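The values are calculated or read from the model by the stated rules, or taken from the named source; none is laboratory data. Small disclaimer: the values here were computed from a predicted structure and weren't measured. All Cβ positions, even for glycine, are placed from backbone atoms using ideal geometry, and neighbour counts span all protein chains on display.
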Amino acid sequence: MDMPKIESRVFDALVVGAGFSGLYQLHCLRDKLGLSALVLEAGAGVGGTWYWNRYPGARCDSESHGYCYTFSKELFDGWEWSERYPGQPEILRYLNYVADRLDLKRDIRFDSRVKGARYDEGANFWRIVTNDGAEISARYLITAVGCLSTANIPDFPGLADFKGQWVHTGQWPHKGVDFSGKRVGFIGTGSTGIQAIPVIAETAAHLTVFQRTANYSVPARNAPLTPEFRHYVSENHAAIRRATRSTQNGQPFGIEDRSAFDVPPERRLELYEAAWNKGGLQFRATFRDLLANKAANDTAADFIKSKIRQIVKDPATADKLADIDHPYAAKRPPIDTDYFETYNRANVSLVDVRVAPIEAITRSGLQTRDGREYALDIIVFATGFDAMTGPLLRMNIAGRDGLTLAEAWRAGPRNYLGLQVAGFPNLFMITGPGSPSVLTNMPVAIEQHVEWITGCIAHMRERGIARIEARPESMDRWVKTVNEAADATLLPMARHSWYLGANVPGKPRVFMPYAGGMVRYRSICDDLVRKGYEGFALSR
Ligand code: N01
């Protein structure tokens with residue numbers, strides 16, 4: 001058997017991950033700062049989340065004109081989106097277009113997963129080892145691993161003995177899955193499930209959806225972009241960039257500056273109806289207090305629940321779908337194409353696994369606690385991710401004195417700004433826990449972090465600074481800030497959400513993303529740079 005080729009190489013910077021963040025980070029370090037940089041990527045191609053998540057119906061919930069890089073007008077002008085919301089294959093083509101235009105692939109090592117990373121204090125280098133034995137040293141280690149890239153596969157007894165096929169949506173086979181004529185079991189009704197269920201229902205012989213938590217969803221109203229809209233986009237790069245950088249959620253649309261109670265109930269319903277017909281995440285922007293005031297939120301929640309009951313014909317199924325236990329948008333709000341309509345199909349049925357949880361996977365299907373057995377040929381797990389911390393912890397990162405990130409984060413991901421952790425000098429996290437990331441339009445959060453990190457490294461090199469590291473007291477302050485920002489919203493009321501780590505057994509329950517908004521976050525980051533990297537320890 002051939003032994004894997006062992007490499008030992010030294011770089012200024014090592015970036016882990018070749019998705020949206022890793023690609024831009026490589027471009028900034030190599031082409032703007034002139035550093036030697038390498039990207040390690042576990043997949044065989046670029047794309048990150050869009051490389052792995054190839055499930056039927058995979059599509060971005062942000063609108064295409066805002067879901068792209070805006071740092072370069074040439075890149076922006078050289079690409080034209082075809083639909084209101086880009087599908088997975090189109091986003092993957094887009095990221096390949098970017099990688100090719102910027103000539104990035106020559107500095108990406110594909111099929112390389114980080115097995116371990118250790119800070120060598122004497123040499124002030126990070127020593128990184130990959131699954132195939134390559135050893136890389138780098139002054140700066142930058143994680144661009146995404147927030148939702150470690151699949152969460154529940155530990156159901158019996159899965160190994162299932163004689164059918166099973167798949168997780170985040171590890172979808174490249175050759176696809178043929179559902180035609182098959183009895184399919186589908187577990188999970190988050191954003192992913194809500195996208196995939198209607199598409200799989202079209203070909204499956206029968207689709208049984210196992211729902212643990214009922215979920216809101218608003219129609220996406222996806223459609224091909226009109227020539228007029230394409231023209232608007234091509235003429236308005238600067239305005240779109242300005243808009244995405246001026247809104248708290250990084251979207252090209254703002255949140256209406258009115259309370260749900262500023263208008264009479266009939267007018268409120270009209271506004272919800274208009275937002276429902278327009279479709280998309282903008283529904284949440286109808287009133288400014290939907291995520292801050294439970295009574296305001298109830299008006300939106302009641303509207304969506306009444307829509308579910310209108311759409312779904314079988315009252316018992318409608319009851320299960322509308323029995324939602326959390327405020328609207330306190331979990332990431334999905335948008336859909338014919339999700340609730342799908343339950344009117346004769347080949348689709350819904351099982352409430354909150355009432356009777358899944359007990360085991362059997363050789364021929366799935367068994368619930370009430371003793372019922374479901375015969376299945378294929379099981380799809382749309383059961384989400386070990387979000388935000390999972391991809392970081394699985395790299396086995398050890399900082400000063402061998403302190404592992406897992407030890408440092410035993411009680412939750414303590415960090416400063418979602419960028420750095422005390423004890424881990426020159427380690428930067430792009431969209432780490434503690435940053436706005438998943439509560440915003442990701443490319444906007446990514447551009448901000450990449451540009452901040454690039455500016456920081458440039459600052460260090462200009463001044464001969466060898467190390468930067470978060471101060472422990474800055475982390476304490478930031479953890480408090482993150483908690484306060486979350487507590488000012490209804491987000492913590494969704495007690496089972498992955499924002500809190502509640503979807504992974506044993507994971508510390510800490511609200512992870514910063515909910516104070518992108519504009520405030522950007523100004524905090526810029527401000528502390530002006531104050532000489534306040535809160536960080538810099539040393540020569
Ligand atoms: O994962 P989820 P997802 N038994 O964790 C259920 C992003 N995204 O992949 O709610 C039974 O939201 C679980 O039930 P419960 C987006 O940020 C973006 O759907 O924990 N059920 C839930 O229903 C999103 O939020 C796009 O009770 C179990 C589901 O599985 C994030 O990815 C598109 C279970 C998991 O939902 C994750 O979404 C799609 C068990 N043991 C996704 N364990 C874009 O537009 C879990 N579940 C870019």
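Quick notes on this structure:
- Any hit, segment 295-315, residues being assigned to a loop (DSSP other than H, G, I, E, B), more than 20 Å from LEU439 (Cβ to Cβ), without any contact (Cβ under 8 Å) to a residue 24 or more places away in the chain and not hydrophobic (A, V, I, L, M, F, W, C): no
- Condition check for THR208: near the ligand (Cβ under 9 Å from one of its atoms) and buried (at least 20 other Cβ atoms within 10 Å of the Cβ): no
- Only one of the numbered conditions (1) among the hydrophobic types (A, V, I, L, M, F, W, C); (2) within 28 Å of PRO56 (Cα to Cα); (3) under 25 Å from the mean Cα position of the chain (by Cα) is not met by ALA318, and that is (3).
- Members of segment 481-498 that are away from the ligand (no atom under 12 Å from the Cβ), farther than 16 Å from ARG288 by Cα and touching a His at 6+ places or on another chain (Cβ under 9 Å): MET493
- Subset of segment 340-396 (residues that are under 29 Å from the mean Cα position of the chain (by Cα) and aromatic (Phe, Trp, Tyr)): PHE340, TYR343, PHE381, PHE385
- Filtered residues of segment 215-251 (kept if of a type in the set (Ser, Thr, Tyr) and surrounded by 15 or more Cβ atoms within 10 Å (Cβ to Cβ)): TYR216, SER217, THR244, THR247
- Of all residues making up segment 75-106, the number that are among the acidic types (Asp, Glu), more than 18 Å from THR244 (Cα to Cα) and assigned to a helix (DSSP H, G or I): 2
- Candidates TYR94, TYR85, filtered to the one that is away from the ligand (no atom under 13 Å from the Cβ) and surrounded by 17 or more Cβ atoms within 10 Å (Cβ to Cβ): TYR94
- Within segment 354-394, strands (runs of 3 or more DSSP E) holding 2 or more residues that are within 13 Å of the ligand (Cβ to nearest atom) and touching a strand residue (DSSP E or B) at 6+ places or on another chain (Cβ under 7 Å): 358-362, 365-368, 378-381
- For the residues ASP2, ASP100, the requirement of being out of contact with any Gly (no Cβ under 7 Å at 6 or more places or on another chain), modelled with pLDDT under 95 and not aliphatic (A, V, I, L, M) singles out ASP2.
- When every residue of segment 215-223 is checked against the conditions, at least one turns out to be in contact (Cβ under 8 Å) with a residue 60 or more places away in the chain, more than 30 Å from ALA485 (Cα to Cα) and either away from the ligand (no atom under 16 Å from the Cβ) or part of a strand (DSSP E or B) (or both).
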